[in-house]
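These notes concern the structure reproduced below.
Just so it is clear, none of the values below were taken in a lab; they were calculated from the coordinates. Given the structure is predicted, the values throughout are model-derived calculations rather than measurements. We place every Cβ from the backbone using ideal geometry, glycine too, and count neighbours over all the protein chains shown.
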Amino acid sequence: MLKIKQILRYFVENYPYKNELSKTRITKMVFLADWYSCLSTGKQLTSINWYFDHYGPYVSDVFEAAKKDRRLQVKQEINSFGTLKEVVSLKDDIFFYYDHRKIEGITKSILDQVIDDTKNMNWTEFINYIYSSYPIKSSKKYLYLDLEALSVECSKKGIKY
């Protein structure tokens, strides 16, 4: 299993619209990485125990990992609605060399697919995409999501996402 910080670093390094990597977006991107991995391999990339909160899949693990990572920082910015958002980015004073050999093969393909699938989505489209995923559509709020079991259900029903 990958450490959350490895996935965060990969997303921060490779996502084309850096100012969109808000606390919520990047958390849900990690959720998608785990979900896509379950669909492809039957296993999550991380050990996160995902929770279906009021606003969809959420855990504090992702943001806590970002705050603790010596190569990442959390900056407060103003979103398009005029309110504060917290954005995960590289620390300005650290030369960042990410060894992509640490993430390769199917894992790299999964993370790249998350980026490709979401990079052109505005906020509403992105949230609708998350809410349309099988784990969210088929589960009740305020419960933990067993992504691995849900991917088996999804497969048996012939659902691809």
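Summary table below
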item: Kirkwood-type radius of region 25-91, with distances r between different C-alpha atoms, in Å; result: 13.3
item: Computed over region 121-161, the ratio Rg/Rh where both radii use C-alpha atoms and Rh is Kirkwood; result: 1.02
item: Viscosity 1.002 mPa s, 20 °C: Kirkwood-radius Stokes-Einstein D of the chain over Cα pairs, µm²/s; result: 133
item: Relative contact order %, the chain, counting alpha carbon pairs below 8 Å whose residues are six or more apart; result: 32
item: In region 25-126, the GluC sites (Glu not before Pro) that fall in loop regions by DSSP, at most 11 other Cβ within 10 Å; result: GLU104
item: Chymotrypsin sites (Phe, Trp or Tyr not before Pro) lying in DSSP loop within region 51-160, provided at most 16 other Cβ fall within 10 Å; result: TYR55, PHE81, PHE95, PHE96, TYR97, TYR98, TYR142
item: Within the chain, helix-based [θ] at 222 nm, where runs of 4 or more DSSP H residues each add -39,500 (n - 2.57), nearest 500; result: -14000 deg cm²/dmol
item: Under 13 Å, Cβ to Cβ, from SER138 - net charge with Lys/Arg +1 and Asp/Glu -1; result: +3
item: Calculated FRET efficiency for the pair SER80/MET1, C-beta based, R₀ 35 Å, to 0.05; result: 0.50
